[in-house]
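**Q** My structure is below; once you've seen it, I'll send some questions.
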Amino acid sequence: MRRLKEFVLQKIVLLCGVASILFVALIFLFLVKEGLNVFKAVSPSHFLLGRSWYPISEPAQFGILPLILGSLLVTAGATVISVAIGVACAVYIAEVARPAVRETLKVGIELLAAIPSIVLGFIGMVTLVPWVKKIFHLPTGLTALSGSIMLAFMAMPTIVSIAEDALHAVPRSYKEGAYALGATRWQTIHRVILRAASPGIAAAVMLGIGRVIGETMAVMMITGNAAVIPHGILQPVRTLTATIAGEMGEAAVGSEHYYALFAIGTLLFVISFGINVTADLLLHKRRS
Amino acid sequence: MKFSLRDLNVWFGSVHALTDVTMDIPANEILGVIGPANSGKSTFLRTLNRLNELKPNFRMTGDVRLSGADINKTDVDLLRKKVGMVFALPLPLPLSVFDNVAYGPKMHGVRTKKRQKEIVERALKEAYLWDEVKDRLDTPASKLSGGQQQRLCMARTLAVEPEVILFDEPCSGLDPISTAKIEDTMLRLKANYTLVLVTNNVHQASRVADKTAFFLSGRLIELDDTDKIFTAPSDKRTEDYIGGRFG
Ligand SMILES: Nc1ncnc2c1ncn2[C@@H]1O[C@H](COP(=O)(O)OP(=O)(O)O)[C@@H](O)[C@H]1O
Ligand SMILES: [Mg+2]
C-alpha cells in the first residue's frame, strides 16, 4: 500500500515537471511559428540588420537593428552600473559591515526587491529623468542612461544576494591563510575572496541581468521610446520589449506587423534563455 | 628571546580561553605545545600573529612582545609577515604550484618575474619540495599529494621571509611517511627560524621539540626541556596526560 502511494506520488511529481517543460516548449513553438511568418515579407538579414523600423508606413519597414541596439545599450549600461555597485555592496555586507549594519542592509535590499517595477519606473520618471537632463544639459532626460540606472536598481537585489552567498561560500581558511601571510584586509578581499567567488559572482550578475532584460513598462516610460539607431548613452532609445508592449495592441492579428512583433519575442526568448543557461553553468562550475 | 609573554589572558565573549600565561620562546628552537582538545593551544598560537582578532568577540590583556616590541603596537600586516603560520589542513589557494608560493611575495610588492622565480625556488628548496615539483610548477596545487600540499603551504609561508613559523597540528590529516617528511623539514628549518608547533600527538612533540609546553583548561601547566617533560615532569597533571591517563 505504501509502495503504491510512493509510486503514485512520484508519477504526479514527474508529470508536473514534464508539464512545465512542455509548456515552455509549446510557448517557444508558438512564438517561432508566428514569428517565422514575418520572413515572407522581409528577409532575415533585413529584419535583423535593417536600420529603420516603420511598421505602419507604406511600404512598411521592419528593421529591428535600432531596437536591438537600444536594448543592448540599456542592458550594457545597467550591467556596468549594477556590477560596480552590486558587487561592492555584496563585499561590504559579507566582509566589512558589523553584524547590526549587515542585517539592516539585507532588509533594505529585500525591500528594494519588493518594489513593483512600475513604481520604480514612475519614481524614475519624476526624479531620475529630470536629474539626468540637468546634469548632462540635455534637451530631454528620457535617455538610455536613465533606463540603465533604473534597470541597475532592479537587478541589484538579485546580484547582491547571490553574490553575497558566493562570498560566504569561500572557505574561511582561504581568508585566514591570506591574513597569515600578512595580507591586508583589502588584499585579502580582492586577491583571495573575490577571486575564489568569481564564478558565483558572474552567475549573480547574469541572473540579475536576466531578470531585467525582459523588463518592459518601466523602461518604456523613461527611455524616450525613439526607434532610431542610438549614437550614445545620452540619447533616447527604444528597446525590443518596449516595442512589443507598445505596438501589440495596434497591430492587426495576422498582419506583417503582428508577425514581426512575434519574431522580436522569439529573439528575446532566445537571448534570455541563453543568459540563464550560462548563469546555470557558472553556478554548477562553482559547485563541482 | 624571540617572544616574551607576560600574564596573557584571552576571552571569547564569556569564555576565558587563556589564563595568566607567562612564558619565553627562545630563537632558533622548536617549541612543542601539547594539551587536550579545547585547552587553548590554538588560541595561544593565534595570539602570536594576532589572528584571534578575526573573531568578533575576542578580547585580551597582558603583554606579548616579539623581539622586545609590543605586538599590539606593531603594524598587524607586518607582524603577520614576520610570524608565518601553517594550518592543520593543507589549504593551497586555487592556483598553480608556482603562484601559490609567489603569492605572498607578489602581494608584498615583488614585481619582477625573475625575482619571483628566485624566491619560489628558494622557498620550495627550504621546504624540501623542490625536487618533487620542479618539473610541474604550472600544475594546479590541488594535484599534489596531501603531504606535498602541506609542504607547499610551508613554502608559501617561507616565501615571505618570516622570522617565526607557527604550526597548528600540521600533520593531523597526513599519513606517517608524509608526517616524517614534515618533521624532518621542521628540524632543518630551525637553524634559520623559530618554530612553534601545536600538536595533538605527544610523540610528535617528543620527536621534534626542544622545549615542550603543556596546556590544560587555558592554563600553562608546565614548560621545560622536552626530555624533562617526557621523563620527569614536575607536575602530576603533565605526567597523567603524557601517560595517556586523560585527555
Ligand atoms: N570564537 C570563539 N568563541 C567562543 N569560544 C571560543 C572561540 N574560539 C575558541 N573558543 C574556546 O576557547 C577555548 C580554547 O580553544 P582552542 O584554543 O581552539 O583549543 P585547542 O586548540 O587546544 O583545542 C575552547 O574552550 C573554545 O571553545
Ligand atoms: Mg586547536
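**Q** Just how large is the dipole of the stretch A:109-251 about the Cα centre, in debye to the nearest 20, putting +1 at every Lys and Arg Cβ and -1 at every Asp and Glu Cβ? The partial results should precede the final answer.
**A** On the way: 9 positive and 7 negative charges, 110 e Å.
So the magnitude is around 520 debye.
**Q** For a quick check: with amide H placed at 1.01 Å from N, whose amide H comes under 5 Å from A:SER52's, ignoring anything fewer than 5 positions away on the same chain?
**A** Result for A:SER52 returns A:GLY63.
**Q** Scattering from the C-alpha atoms of the protein assembly as shown alone, worked out with Debye: what is log10 I(q)/I(0) at q = 0.08 1/Å?
**A** -0.72
**Q** In sequence order, what are the phi-derived ³J(HN,Hα) couplings for the stretch A:120-137 according to the Karplus relation 6.51 cos²θ - 1.76 cosθ + 1.60 with θ = phi - 60°, rounded to whole Hz, with x for glycine and proline?
**A** Karplus-based 3J(HN,Hα) across the stretch A:120-137 equals 4, x, 5, 4, x, 5, 8, 10, 5, 4, x, 4, 4, 4, 6, 4, 9, 6 Hz.
**Q** Can you compute 3J(HN,Hα) from phi for each residue in the stretch B:183-193, using the Karplus curve 6.51 cos²θ - 1.76 cosθ + 1.60 with θ = phi - 60°, rounded to whole Hz and x for Gly and Pro?
**A** So the Karplus estimates, Gly and Pro as x, are 4, 4, 4, 4, 4, 6, 5, 5, 4, 10, 10 Hz.
**Q** Another question, if that's okay. Determine, for each peptide in A:148-158, B:143-153, the mean count of other beta carbons within 10 angstrom over its residues, then list the peptides with the highest first.
**A** Details: A:148-158: 24.2, B:143-153: 21.4.
Final packing ranking: A:148-158, B:143-153.
**Q** Label B:ASP24 and A:ILE118 with points 7 Å out from Cα along Cα→Cβ: what is the distance between them in nm?
**A** Taking the simple label geometry, B:ASP24 and A:ILE118 are separated by 8.0 nm.
**Q** What is the extension gain from B:THR231 to B:ASN200, computed as 0.36 nm multiplied by their sequence separation minus the C-alpha to C-alpha distance, in nm to one decimal? Walk me through the numbers before you get to the answer.
**A** Working: separation 31, 0.36 × 31 = 11.16 nm, distance 1.86 nm.
Here the answer is 9.3 nm.
**Q** Let me ask something else. Just going by the charge dipole of chain B, with Lys and Arg at +1 and Asp and Glu at -1 on Cβ, which of B:THR185, B:ALA123, B:VAL164 is farthest out on the positive end?
**A** About the Cα centre, the residue reaching furthest to the positive side is B:ALA123.
**Q** ³J(HN,Hα) across the stretch B:212-224 via Karplus (A = 6.51, B = -1.76, C = 1.60, θ = phi - 60°), whole Hz, x for Gly/Pro?
**A** Values per residue, Gly and Pro as x: 10, 10, 10, 9, 8, 6, x, 10, 7, 7, 7, 9, 7 Hz.
**Q** If amide H atoms are built 1.01 Å from N in the plane of the peptide, which residues on other chains or at least 5 residues away come under 5 Å of the amide H of B:MET85?
**A** Residues meeting the criterion, in which the H sits 1.01 Å from N, are B:LEU166.
**Q** Whole Å is fine, so just give me how far the alpha carbon centre of the stretch B:185-247 lies from that of the stretch B:1-79.
**A** What the calculation gives is 17 Å, centre to centre.
**Q** What order do you get for A:197-206, B:27-36 when each peptide is scored by the mean count of other beta carbon atoms within 10 Å, highest first? Could the numbers behind the result be given before it?
**A** On the way: A:197-206: 22.4, B:27-36: 20.8.
Per-residue Cβ counts within 10 Å, averaged per peptide and sorted highest first, yield A:197-206, B:27-36.
**Q** Take each uninterrupted DSSP H stretch in chain A, measure its Cα extent along the helix axis, and return the ones at 20 Å or beyond whose mean Kyte-Doolittle hydropathy is at least 1.6. Each step should come with its number before you reach the end.
**A** Details: long enough: A:2-36 (50 Å, 1.52); A:65-91 (38 Å, 2.19); A:99-114 (23 Å, 0.72); A:144-168 (34 Å, 1.25); A:198-213 (22 Å, 1.56); A:256-287 (47 Å, 0.72).
Helices meeting the span and hydropathy rule in chain A are A:65-91.
**Q** Please find the FRET efficiency linking A:ILE21 to B:ASN38, where r is the Cβ-Cβ separation and R0 is fixed at 56 Å, and quote it to the nearest 0.05.
**A** Values: r = 53 Å, r/R0 = 0.94.
Working from the Cβ atoms, E equals 0.60.
**Q** Compute the acute angle (0 to 90°) between the alpha-carbon long axis of helix B:146-158 and the principal axis of greatest extent of the alpha-carbon atoms of chain B; round to the nearest 10°.
**A** 90
**Q** Provide a whole-number value for the mean count of partner chain Cβ atoms within 10 Å of the Cβ atoms in peptide B:93-100.
**A** Details: counts 8, 4, 1, 0, 0, 0, 0, 1.
Taking the mean over all residues of the peptide, I get 2.
**Q** Label B:LEU95 and A:ALA60 with points 7 Å out from Cα along Cα→Cβ: what is the distance between them in nm?
**A** Using points 7 Å along Cα→Cβ, the separation is 5.9 nm.
**Q** Now a separate question. Let me know the mean shielding of B:155-165 by other chains, meaning the per-residue number of their Cβ atoms within 10 Å of its Cβ. Write down the numbers at each step before the final one.
**A** Numbers: counts 0, 3, 4, 0, 1, 4, 0, 3, 0, 0, 0.
Mean shielding by partner chains, rounded to a whole number: 1.
**Q** So how much slack lies between A:ALA88 and A:SER255, counting 0.36 nm per residue of separation and subtracting their Cα-Cα distance, in nm?
**A** Values: separation 167, 0.36 × 167 = 60.12 nm, distance 4.84 nm.
Net length gain for the segment: 55.3 nm.
**Q** Now for a different question. Modelling each spin label as a point 7 Å along the Cα-to-Cβ direction, I'd like the B:ASP175/A:VAL101 distance in nm, to one decimal.
**A** A separation of 4.9 nm, rounded to one decimal place.
**Q** Taking H placed 1.01 Å from N in the peptide plane, check which residues at least 5 places from B:LEU216 or on another chain put their amide H under 5 Å from its amide H.
**A** The list, which skips near neighbours in sequence, is B:ILE221.
**Q** Give me the base-10 log of I(q)/I(0) for the stretch A:7-51 at each q in 0.16, 0.25, 0.27 Å⁻¹, Debye formula, one uniform scatterer per Cα, rounded to two decimals.
**A** Debye output, listed in q order: -0.59, -0.84, -0.89.
**Q** For chain B, what is Rg from Cα atoms divided by 2.2 N^0.38 Å, rounded to two decimals? Numbers along the way, then the final one.
**A** On the way: Rg = 18.1 Å, N = 247, 2.2 N^0.38 = 17.9 Å.
Dividing the Cα radius of gyration by 2.2 N^0.38 Å gives 1.01.
**Q** What is the mean number of Cβ atoms from other protein chains located within 10 Å of the Cβ atom of each residue in peptide B:107-116, rounded to a whole number? Could you put the intermediate results ahead of the total?
**A** Numbers: counts 9, 4, 0, 0, 0, 0, 0, 0, 0, 0.
Shielding by partners across B:107-116 averages 1.
**Q** Tally Lys and Arg at +1 and Asp and Glu at -1 over the other residues with C-beta under 11 Å from the C-beta of A:ALA155: what net charge comes out?
**A** Working: positive: A:ARG211; negative: A:GLU215.
Taking every Cβ under 11 Å from that of A:ALA155, the sum is 0.
**Q** Using a 7 Å offset from Cα along Cα-Cβ at B:GLU121, what residues in the stretch B:136-169 end up with backbone N under 15 Å from the label point?
**A** B:136-137
**Q** Report, ordered by chain and residue number, the aspartates and glutamates lying within cross-link reach of B:LYS134, taken as a straight Cα distance under 17 Å and ignoring same-chain residues fewer than 8 apart.
**A** B:ASP99, B:GLU118, B:GLU121, B:GLU126
**Q** A follow-up question, please. If one computes the Cα centroid of the stretch B:108-183 and of the stretch A:1-75, what distance in Å separates the two points?
**A** After rounding, the separation between the Cα centres reads 55 Å.
**Q** So, one more: If R₀ is 51 angstrom, what is the calculated FRET efficiency for the pair B:LYS55 and A:LYS11, using the beta carbon separation as r and rounding to 0.05?
**A** Details: r = 51 Å, r/R0 = 1.01.
Efficiency at R0 = 51 Å is approximately 0.50.
**Q** When we measure straight from the Cα of B:LYS211, which lysines land under 20 angstrom away, once same-chain ones fewer than 8 places off are left out?
**A** B:LYS2, B:LYS41, B:LYS190, B:LYS228, B:LYS236
No value in this document is a laboratory result; all are computed from the given coordinates. Note that the structure is a prediction, hence the values are computed from the model and not measured. For neighbour counting, all protein chains shown are included, and Cβ atoms are generated from backbone atoms with ideal geometry for every residue, glycine included.
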